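To keep things clear, I will list the structure first and then write my remarks on it.
The values are calculated or read from the model by the stated rules, or taken from the named source; none is laboratory data. A quick note: this is a predicted structure, and the numbers were derived from the prediction, not measured. Because the Cβ atoms are built from the backbone with ideal geometry, glycine has one as well, and the counts that use them run over all protein chains shown. Each accessible area value is taken on the protein alone, full model and side chains, heavy atoms only, with ligands, DNA and RNA left out. Shrake-Rupley method; radii C 1.70, N 1.55, O 1.52, S 1.80 Å.
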Protein chains: 4
Amino acid sequence: MVDSSTTVAELRERVRAFVHARDWESFHTPKDLAIALSVEASELVEPFLWRDASTRLSVEDRESVAEELADVIIYGLSLANALDLDLSEAVLDKLRKDEAKYPTKQFRGRAP
Amino acid sequence: MVDSSTTVAELRERVRAFVHARDWESFHTPKDLAIALSVEASELVEPFLWRDASTRLSVEDRESVAEELADVIIYGLSLANALDLDLSEAVLDKLRKDEAKYPTKQFRGRAP
Amino acid sequence: MVDSSTTVAELRERVRAFVHARDWESFHTPKDLAIALSVEASELVEPFLWRDASTRLSVEDRESVAEELADVIIYGLSLANALDLDLSEAVLDKLRKDEAKYPTKQFRGRAP
Amino acid sequence: MVDSSTTVAELRERVRAFVHARDWESFHTPKDLAIALSVEASELVEPFLWRDASTRLSVEDRESVAEELADVIIYGLSLANALDLDLSEAVLDKLRKDEAKYPTKQFRGRAP
């Protein structure tokens, strides 16, 4: 499965099956899923600590970033499952809001 | 665009276009994208604070959770773009590792 | 050294000496100290994950919480050193603001 | 109250009084205090986002950093109160561990 041919719903289904096979739905409250996602997000930050933003990641760190990002996405998909939210819709809605908030004329080349 | 018919690549493309239209690639270092994702992850946690995990979200809080989760996903897609990582592949790899780490026989109904 | 007889300045001095003995001041930019603090804050959250808020911590988890909280405080003291901020003053200022924001009459027994 | 003459116990007492005056002990479970601390830690990171680590903070951002750091410390003191942990002891214990883990000879001038 690769990004070009995988739908968000297919990924959600994989995560749902993993959780269901372990009967983990009762632990996976929206509150704890949000917390777990935020813990994984911090682990994603760790390989970048104490380094200049322009430093190239080592192969090892790149793999660890891929794995931590996967964990973030997995909890995000699981939270969407638990709350029955459509992620593509939420992403598109947010991008539309951000487009209105950061007009290209005013923000081209300027950090928000 | 809804999850059942939207590929991860299509979402990535939308995010890439948003960033490119603002020339934000130079700010969007992998380090700062990881930090931004983690800041949004904390905002996602906020509506759950001081409440029992079983408390139902209000309609307002549900909308705010959807928006913060969208922000997390957007930065995740942007980080995948910046590092040229395939997210579906990373998610599937991680689920396979977790399946080996948490065998259903041993972990059914038991938190990890 | 115990809380009843240790000043904040004494703790700051200990942390400063630790950092100075390793010549780490150049890595310890305010930005990276803030990020490090937030990474440790997430590790502090981890022992509470997937558990009811009323669950008593095991002796082991209590020790791990003490250690992660110490890490958070150490980075907080180091950030105060790097920015030359008085922490006691900042804490008192913030408590005064919060006292005004959450009057006891209105917020007694009600989460903020 | 300034760092040079304020003990950690005095700060803890102030925070305890603030919480008690509002009867907030029942919301302030160790789990939610840890989460609240981590949410504030992310707000502390926000003023540094999208900027080079060497960028000087504006007066405004410096004030906001002081306030967010105060929030982190306040929740840290409150968590120490809730768990009856001695913070000075925990900090000294951790520094001793770190001194053993990062000997000056090996780590002088090298990030951990």
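So here's what we get for this one:
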{"read-out": "Accessible area buried at the B-A interface, both sides summed, 1.4 Å probe (Å², nearest 100)", "value": "6400"}
{"read-out": "Sulfur and carbon atoms: percent of accessible area, the protein assembly as shown [1.4 Å]", "value": "47"}
{"read-out": "Region D:16-70 and region A:41-108: distance between their alpha carbon centers, rounded to Å", "value": "22"}
{"read-out": "DSSP-assigned coil residues among trypsin sites (Lys or Arg not before Pro) in region D:1-70, each with at most 12 further Cβ atoms within 10 Å", "value": "D:Arg56"}
{"read-out": "With 5 Å bins from 0: P(r) over chain D, alpha-carbon pairs, percent", "value": "2, 10, 14, 16, 17, 17, 15, 6, 2, 1, 0"}
{"read-out": "Share of alpha-carbon pairs per 10 Å distance bin for region C:52-112, given as whole %", "value": "18, 25, 33, 24"}
{"read-out": "Charge dipole (debye, nearest 20) of region D:15-59; +1 at Cβ of Lys and Arg, -1 at Cβ of Asp and Glu", "value": "120"}
{"read-out": "Charge dipole (region C:1-63, unit charges on Cβ, about Cα centre) - positive-most of C:Leu33, C:Leu57, C:Val8", "value": "C:Val8"}
{"read-out": "Spatial extent of the protein assembly as shown: Rg and Dmax, with the Cα atoms as the point set, Å", "value": "21.8, 64"}
{"read-out": "Average Cα contact separation per residue, chain B, under 8 Å, 6 or more apart, as relative contact order %", "value": "35"}
{"read-out": "Accessible area (Å², 1.4 Å probe, nearest 10) - C:Ile73", "value": "10"}
{"read-out": "Threshold 50 Å² - residues in region A:44-77 whose accessible area is reduced by that much or more when the chain is no longer isolated, probe 1.4 Å", "value": "A:Val45, A:Phe48, A:Leu49, A:Trp50, A:Ala53, A:Arg62, A:Glu67, A:Leu69, A:Ile73, A:Ile74"}
{"read-out": "Helix-only CD estimate at 222 nm, as mean residue ellipticity for chain C, using -39500 (n - 2.57) per DSSP H run (n ≥ 4)", "value": "-21500 deg cm²/dmol"}
{"read-out": "q = 0.25 Å⁻¹: log10 I(q)/I(0) that the Debye formula gives for region D:10-75, counting C-alpha atoms only", "value": "-1.08"}
{"read-out": "13 Å beta-carbon shell around C:Asp32, net charge (K/R +1, D/E -1)", "value": "-2"}
